């Protein structure tokens, strides 16, 4: 691996006309050795080793930054100035996490390990997708949790037993239900189509809202024999909620309160390169990708697992890069990243999504609207009876809604969230996280997420 890192360092820096003054490597160290061994050499202090790592990481990190720059935004993912001390801290904290078995455990395995009851339920939607629900049972009020884009029910346990939202809610006595949208690693079945079939992937978050959410909510209410439940959505889990309630307002009576963590509806100011890459000519781009035989984005399949094993959880460089990939998607907040938990986080995400989900978000960047999927003028007439996709009727939503947003969120930009707030008629709380670097993923993985977010969530749940 060191050969890749050092060659990459030289190539990238020479191409930029820079000269790197790398610290002298031990004489016995060759480019085919293991860079991790450098930290054990008596001639290199921990900080010196960190500076060598820093040089390599800074170069490799150019790749995602070049992508980001090409679409108009350059994140400060790896600070080039005095970065050695930060990497030294990263290396030190990382040592405790290398062999964390939680990275390889399923959500059922994690719940069982930490002595939480776990039930697995299967739900069939109106259009024949087979979905998985995970439940931590209780006889008290049901709370339904819905994950974000590329996520799964795992999102609510990967922060660990001390910070995971599902654990915290169960400790408070709630009946915790965790949904899984069609196409993620827990919900990859259909009555007629296999995931290898293009028709399996012909959905966006519109169908997840209309069919998946309605089926899972109805199922949870039927099992618990309750008339309503509390809903917590994160990221896409808020988008799908807004879709369902806009299109099927009868669900207003089935939800007593909605907690919107990083709500995503209007997305014109989003900085995430993953979403922005899907924006220009959304329909054309998504069709081009499909023509190459790709219908799924970042699945939890064998290839992705191999890549994660090769890069994430293999050493300091790999995990710094993993953290950078996460930041590139969601925003930069190294201060709130739990380094020792990073292998666990990367062991459970991404969980997969359809290309069409990302294209639908990209459409919002292009049009500045929260609207149904754009199939092109002719097909729009077939689908909707008009040449342009209709906007969602947010005025149909009557459920009390609490909004949580933050300054450094690359998907739910504060300006877009405030626009959403003005369109909703039932907002009971509009809370700006009091930490400037709090990013999109921080709502489920931040070190201090309970302090910044969940304590307020718990108070709102108790009052509603």
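The values are calculated or read from the model by the stated rules, or taken from the named source; none is laboratory data. Given the structure is predicted, the values throughout are model-derived calculations rather than measurements. Cβ atoms come from the backbone with ideal geometry, glycine included; neighbour counts cover every protein chain shown.
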Of all residues in the stretch 231-260, which are more than 18 Å from residue 353 (Cβ to Cβ) and under 20 Å from the mean Cα position of the chain (by Cα)?
231, 232, 258, 259, 260
I need every pair where a residue in the stretch 130-144 that is assigned by TED's automatic domain parsing to the domain that holds residue 173 and within 21 Å of residue 464 (Cα to Cα) has its Cβ under 9 Å from the Cβ of a residue that is at pLDDT below 95 and not in a strand (DSSP E or B), sequence separation at least 6 or different chains.
none
Wholly inside the stretch 58-172, helices (runs of 4 or more DSSP H) that include 3 or more residues that are on the phi < 0 side of the Ramachandran plot and at pLDDT below 85 are 62-70, 84-94
Name the single residue, out of those in the stretch 374-406 being modelled with pLDDT under 95 and in contact with a helix residue (DSSP H, G or I) (Cβ under 7 Å, 6 or more places away or on another chain), that is nearest to residue 452 (Cα to Cα).
374
Is it the case that residue 416 is buried (at least 18 other Cβ atoms within 10 Å of the Cβ), in contact with a strand residue (DSSP E or B) (Cβ under 6 Å, 6 or more places away or on another chain) and in contact (Cβ under 8 Å) with a residue 24 or more places away in the chain?
no
Consider residue 448 carefully, then state whether it is assigned by TED's automatic domain parsing to the domain that holds residue 147 and closer than 22 Å to residue 348 by Cβ.
yes
Within the bounds of the stretch 211-222, is there any residue that is under 30 Å from residue 337 (Cβ atoms) and over 21 Å from the mean Cα position of the chain (by Cα)?
no
Go through (1) under 21 Å from the mean Cα position of the chain (by Cα); (2) without any contact (Cβ under 8 Å) to a residue 12 or more places away in the chain one by one and return the number of the condition residue 365 breaks.
(2)
Tell me yes or no: at least one residue of the stretch 314-329 is more than 30 Å from residue 247 (Cβ to Cβ) and at pLDDT 80 or above.
no
Of all residues being touching a strand residue (DSSP E or B) at 6+ places or on another chain (Cβ under 6 Å) and more than 18 Å from residue 267 (Cβ to Cβ) in the stretch 374-400, which is surrounded by the most Cβ atoms within 10 Å (Cβ to Cβ)? Just the residue, please.
399
Does residue 228 satisfy the criteria of being touching a strand residue (DSSP E or B) at 6+ places or on another chain (Cβ under 6 Å), more than 17 Å from residue 153 (Cα to Cα), assigned by TED's automatic domain parsing to the domain that holds residue 375 and without any contact (Cβ under 8 Å) to a residue 60 or more places away in the chain?
yes
Would you be able to tell me the number of residues in the stretch 359-397 that are under 25 Å from residue 426 (Cβ atoms) and assigned to a loop (DSSP other than H, G, I, E, B)?
9
Determine which member of the set 436, 422 is more than 22 Å from the chain's Cα centre (by Cα) and surrounded by fewer than 15 Cβ atoms within 10 Å (Cβ to Cβ).
422
